[in-house]
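A short worksheet on the structure shown next.
The values are calculated or read from the model by the stated rules, or taken from the named source; none is laboratory data. Note that the structure is a prediction, hence the values are computed from the model and not measured. Every residue, glycine as well, gets a Cβ built from its backbone with ideal geometry; the counts of neighbours run over all protein chains shown. Note: areas computed on protein heavy atoms with side chains; ligands, DNA, RNA excluded. Shrake-Rupley method; radii C 1.70, N 1.55, O 1.52, S 1.80 Å.
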There are 2 protein chains.
Amino acid sequence: MKALRIEDNKLKLADSAIPRREGEALVRMTMAGICNTDIEIARGYADFRGTLGHEFVGVVEESPDRSQIGRRVVGEINVGCGQCDLCRGNDPRHCLDRTALGIRGRDGAFAEYLSLPPQNLLIVPDSVSDRQAVFTEPLAAALEILDQVEIRASDRVAVVGDGRLGQLISRVIARTGCDLTMIGKHDAKLELAARAGVKTAKLGAAGIVLCNGDFSRQAPTEVAITKAPRFDFVIEASGSSGGLAVALDLIRPRGAIILKSTFRGAVRLDTSRIVVNEISVIGSRCGRFETALRLLESDEVDLGPLISREYQLAGSVEAMAEAERRGTLKVLLTN
Amino acid sequence: MKALRIEDNKLKLADSAIPRREGEALVRMTMAGICNTDIEIARGYADFRGTLGHEFVGVVEESPDRSQIGRRVVGEINVGCGQCDLCRGNDPRHCLDRTALGIRGRDGAFAEYLSLPPQNLLIVPDSVSDRQAVFTEPLAAALEILDQVEIRASDRVAVVGDGRLGQLISRVIARTGCDLTMIGKHDAKLELAARAGVKTAKLGAAGIVLCNGDFSRQAPTEVAITKAPRFDFVIEASGSSGGLAVALDLIRPRGAIILKSTFRGAVRLDTSRIVVNEISVIGSRCGRFETALRLLESDEVDLGPLISREYQLAGSVEAMAEAERRGTLKVLLTN
C-alpha cells in the first residue's frame, strides 16, 4: 500500500506492507489531516521512523470486535501497555510504555490502511461528515485545556498563534463566554478568527497591536495594547520557540499559561519571571475524543473555513510542503 | 548609620542616612538573615541599587501607629501602591508598582535602621526568639507552596536543593505527612535533613542515588533511583540554573513542579517535555507572615541547626562571602 513515511531521515511516499497487528483492528483511511507536529516530526522532533500521521477518519475492515466492521471511525492515538495504573484507570495517554499513532513506535495514518486496538476506535455519528470528523483529534486537544483549567466568562484569555491549532482553540475557548483575543502575525488568519467573532491583535516588530478594524475593508488599525500584563490565561499555540516569551509578556501575575506547542529544540527562558510573578505554566497535549465528537455532532463550531486544500495520498509529499507554507491552514489527505 | 549597600555594582559597607519615609515606621534592626536572593542580587539579579536585605527582626522606634513603638516586629517585604485591585484585596505582593525591601526600589534590612509602612509590620510573640523570628520571611516563602498546591499524605514529593531554602521547605512539607525525599549534592546538608527525619538522595555525576545510610558512620550507600519518573510534586529550590532540568527528570506525567529559585540569567529548556507529559510548572515566591509566625510560635520546626554563623553588621561583607561558600547554611547579622 502507499504510505507517507520517514525513512533514513527523509520524507517519502513509499510502498509499505498493510499493517496488521495481533488483536488490533485494520482501518482503511478515508481522510487524514496534517498537523504542525507532523511537520516538526519530519524535521526530526520525537526521533520518529515510519508512517506519519495521527489525525484521521476511516472505515473498519477487520476487527476482533465484529460490531465495528464496516463502521466509520476515528481513533485515540495513544496505545498504552494495558497493565500500569494509568492504563487501568482508563488513561493510557501518559503510559510510560505507550506507542502513539505516527508519533512514537507505531505507523500512522498517512497511508491506505492503519492499525489500532479496537478499544481506541470511536464510531462517528452519521450526521458528522468526514471533513468534520477528521478534526476530532485536534479538537480534542483544544478541549483538553478546559479539562485542565477552569475558564470563567469573566476571564480575559489570549491565544498566541493564529495557525491551525490556534484557530481551533479560539473557537473552543470562545464558547466559555470569556473575553478572548487571538494574537498572531498573519492578517488573513487573524481575519478568519475575527469573522468567527474573536477579537484579534497583531504581533509585530513594535510589539503587540490591537486589530479592531474590519479586515475585509481596511488594514487593521494598530492600537498599542497597554504594557501592563492583562490576561488571566494565555494559551500558547504558536508552534514556535518564541511563543512562550510572548505569553510571559501578556500574562498577569498569578495567571496561567497553557503550553500547546511541541517542536524540535530548546527555548532560552528567564525562569525568574515565572517565580517572581507566580505564574503557572501548564503543559497540554491530547484530549478526550468523546467530548470532541459530541461537539462536532452539535455542529456549533464551523470548521469548513479552516480547510486550505485537499490532496490525494499520492500527492502527500507535496501536501506536507503546502502545509508548511505560511498562510496555509489545514491540509487534508484523501484515500 | 552603617548599611551593607550595592553602589556602582559593588557591595560595600557604607555610611548611610537613617531612612525615614513619610507615613512609615522606623525599625532598629536587631537580627537579619542572608538569603540566596541577596547573593544573586549582589551578582546583578534584579538590577538593584541600595541597601540589601529582606529577612529581619527588629524593634520599632518610630511609627504613625503608636501602639507599635517599642515592640519587636518582623515585616512583610512588599509595599504596594495601595490603589490597585491587588492592594485593595490585601495582596500587595504582586502589585505592579510595588517596592520590595532590599530587592526593588527600597533600601533593605542589612543596616542599623530600616523603614516600612506600619501595616507591613507584625508583632513577634514573646515566646519566639530573635533567632527564630529572623526566619519568618523564608518560612513564609516555604509555606506559600501549601497555599498554592494541595499536598496530601499519600503524595510522593521531592525537594531539589539541600541549601537554606531547601532545608526550610523540607521541614514545612514534611508536616503534611507526605513521602518526602530531599535531593542534593552535599553530604553534610543531606545529613542535616536526614537527622530531621527526611529521606535523602544524592545528585552525582552518575545521576541520582539514594542515601539510605547513617551519614555519621558511613558513606551513603548509593542505590540508583528507578529511572521511571516517580514524584507527584517536585519542589525546585536549588538556587541554580540546573535545578529545573533535574525536576523534569523526576516528575511523573501530570505532576507539578514548584519553582522557587531566582537567579541572574536564563535557562535552556526543552518545553516539549512539559507539553507531552502535561506537567504544571508553578512559580512560587513570598508567603503570608501570619502563618509563619504561628508555626514559629508552635515551636514544631527546629531551626537552630540551620544557623551556620553570626556576624556583627560591621562584618557584613565578610558575612556575605561566608554565605556564598559551599556548605554554609544560614548566616545571620546582628546590630
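Taking helices (runs of 4 or more DSSP H) as the structural unit, those lying wholly within the stretch A:118-193 and holding at least 3 residues that are at pLDDT 95 or above and small (G, A, S) correspond to A:136-148, A:164-174. Looking only at the stretch A:165-179, decide whether some residue is open to solvent by 10 Å² or more (accessible area, probe 1.4 Å) and under 12 Å from A:F231 (Cβ atoms). Yes, that holds for at least one residue.
Out of A:L333, A:L293, one residue alone is farther than 21 Å from B:L248 by Cβ and either open to solvent by 30 Å² or more (accessible area, probe 1.4 Å) or in a strand (DSSP E or B) (or both). It is A:L333. Within this structure, A:I258 passes the test of being within 11 Å of chain B (Cβ to nearest Cβ) and buried (at least 21 other Cβ atoms within 10 Å of the Cβ). Within the stretch B:20-79, the residues that satisfy the criterion of being charged (D, E, K, R), under 26 Å from B:G166 (Cα atoms) and modelled with pLDDT of 95 or more are B:D38, B:E55, B:E76. Of all residues in the stretch B:38-68, those satisfying the criterion of being farther than 19 Å from B:L313 by Cβ, in a helix (DSSP H, G or I) and open to solvent by less than 40 Å² (accessible area, probe 1.4 Å) are B:E40, B:Y45, B:Q68.
Annotation note: Cβ proximity below 7 Å between a residue of the stretch A:6-18 that is part of a loop (DSSP other than H, G, I, E, B) and a residue that is charged (D, E, K, R) (sequence gap 6+ or interchain) occurs for A:S16/A:R5.
Taking the stretch B:262-280 as the region of interest, how many residues are in a loop (DSSP other than H, G, I, E, B) and more than 7 Å from chain A (Cβ to nearest Cβ)? So the answer is 2. So if I check each of B:R309, B:R325, which one is open to solvent by 70 Å² or more (accessible area, probe 1.4 Å) and over 26 Å from B:M1 (Cβ atoms)? Matching residue, one of B:R309, B:R325: B:R325. Restricting A:E278, A:E318, A:E300 to residues that are open to solvent by 10 Å² or more (accessible area, probe 1.4 Å) and modelled with pLDDT of 95 or more narrows the list to A:E318. When the stretch B:79-104 is limited to residues that are free of Cβ contacts under 8 Å to residues at least 40 places away in the same chain, away from chain A (no Cβ under 12 Å) and assigned to a loop (DSSP other than H, G, I, E, B), the one that is most open to solvent (accessible area, probe 1.4 Å) turns out to be B:Q83. Selection within the stretch B:227-255: residues that are assigned to a helix (DSSP H, G or I) and of a type in the set (A, V, I, L, M, F, W, C). The member of this set that is most open to solvent (accessible area, probe 1.4 Å) is B:A245.
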